[in-house]
Amino acid sequence: MKPFAFLAARPSFAAGIRRDEFAAIKRDGRLADSDIVYLSLEDRPQIDVGDYAGFIVSGSQYGFGDHGAAKTTEQIVTEEVLFAVVEEVLAEDLPFLGLCYGHQAIALALGGTLTTDYGEELSTISVNLTDDGRADPIFSLLPDSFPAIVGHEDAIGLVPANTAVLASSALCPVQAIRYGDNVYGVQFHPEIDAVSVGLRLDYYGDVYFAAEEVDRVRAQTTSHDYSACAALIGAFVERYRR
């Protein structure tokens, strides 16, 4: 069996979160150590797309709206390597699941746009399947509506041509997309559960929230069952194991 590739787009200084999200992918995808390869994009790995059963791209603190001096060398390298992989994935319609940052990369590579109009603070929201989502071979395995963690400033504004919108939420109309038969992106985070969101709040909660707000966000996000959302990872892996 070919292994899956996990592309870590998060900066290496967020090592604890990197480890947590990789562990979640392995757990929810029921992947053994030999079934998945960890690749740090900022290290400029050499990636032959034919070596892998599919790709899963993490979220990131980076934003595609950053410009000029706002981008570190590591961010520039991360974007270069990611877009090189995405270009090949799109051309060959290879299995791909982009989480938040990876989701936005698909849209940009296809000529779509991002906007700040649909940003969502770190919170739990209800993700709702569209008709296309209910007909999709992966998303049809999920409930019509399920809780998920979100946290993003940018979101897809202009949906690229020939791209199906599979899910939406009250504040963000494009929560999931599919291009071709095998390229998926989600704005929400199926890899984050009630424990993982606590880790993120410990790590950078005071960056995004006033101190008195962190407890409110923690209470709102750690009181839900995210198993239906996490099932997306397992469904993706099972479809493309080979």
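The values are calculated or read from the model by the stated rules, or taken from the named source; none is laboratory data. Predicted model, so just to flag it, every value in this text is computed and none were measured. All Cβ positions, even for glycine, are placed from backbone atoms using ideal geometry, and neighbour counts span all protein chains on display. Heads up: the accessible areas ignore ligands, DNA and RNA and are worked out on the full protein's heavy atoms, side chains in. Shrake-Rupley method; radii C 1.70, N 1.55, O 1.52, S 1.80 Å.
Rounded to 0.05, the FRET efficiency of the Ala69 and Tyr203 pair, given R0 = 22 Å and the Cβ-Cβ distance, is 0.35. Taking each residue as 0.36 nm, the span from Val195 to Met1 lengthens on full extension beyond its C-alpha to C-alpha distance by 66.7 nm.
Residues whose amide H falls under 5 Å from that of Phe146, counting only those 5 or more places apart or on a different chain, are Val127, with hydrogens built in the peptide plane. Taking a ≥ b ≥ c as the square roots of the eigenvalues of the Cα gyration tensor, an a/c ratio of 1.5 or more together with a/b larger than b/c marks segment 125-201 as prolate.
Could you list the trypsin sites (Lys or Arg not before Pro) in segment 12-111 that lie in coil according to DSSP, counting only those with at most 12 other Cβ atoms within 10 Å of their Cβ? Of the trypsin sites (Lys or Arg not before Pro), the ones in loops of segment 12-111 whose Cβ has at most 12 other Cβ atoms within 10 Å are Arg30. Element breakdown for the chain at a 1.4 angstrom probe: carbon and sulfur atoms account for 51% of the accessible area. Each residue of segment 82-91 was assigned a 3J(HN,Hα) from its phi angle through the Karplus expression (A = 6.51, B = -1.76, C = 1.60, θ = phi - 60°), giving 4, 5, 5, 5, 4, 4, 5, 4, 5, 5 Hz with x at Gly and Pro. Which shape class, rounded, prolate or oblate, goes with the chain when its Cα gyration tensor gives a ≥ b ≥ c as root eigenvalues, a/c under 1.5 marks rounded, and past that a/b bigger than b/c marks prolate? Rounded. Take the Cα of Thr115, go 7 Å toward its beta carbon, and the backbone nitrogen atoms of segment 147-180 under 16 Å from that spot belong to 153-161, 165, 168-176. Taking label points 7 Å from Cα along the Cα-to-Cβ direction, Ser12 and Val159 give a separation of 3.9 nm. Computed 3J(HN,Hα) for segment 130-142, one whole-Hz value per residue from the Karplus formula 6.51 cos²θ - 1.76 cosθ + 1.60 where θ = phi - 60°, is 8, 4, 5, x, 5, 9, 6, x, 9, 5, 5, 7, 9, glycine and proline marked x. The distance linking segment 57-76 with segment 130-147 is 31 Å (Cα centroid to Cα centroid, whole angstrom). Using a/c under 1.5 as the rounded threshold, could you call segment 63-177 rounded, prolate or oblate? The axes a ≥ b ≥ c are square roots of the C-alpha gyration tensor eigenvalues, and prolate needs a/b larger than b/c, oblate otherwise. Oblate, because a/c is 1.5 or more while a/b does not exceed b/c. For segment 78-191, the solvent-accessible area works out to 35 Å² per residue, with a probe of 1.4 Å and every protein chain left in place.
Taking θ as phi - 60° and the Karplus parameters 6.51, -1.76 and 1.60, the scalar couplings of segment 159-170 work out to 6, x, 4, 6, 10, 8, 8, 9, 7, 9, 9, 4 Hz in sequence order, x denoting glycine and proline. Do the sum for the chain: with -39,500 (n - 2.57) for every DSSP H run of n ≥ 4, divided by all residues, what is the mean residue ellipticity at 222 nm, to the nearest 500 deg cm²/dmol? Rounded to the nearest 500, the figure is -11500 deg cm²/dmol. Contact order for the chain, expressed relative to its length and based on alpha carbon pairs under 8 Å spaced 6+ residues apart, stands at 22 percent.
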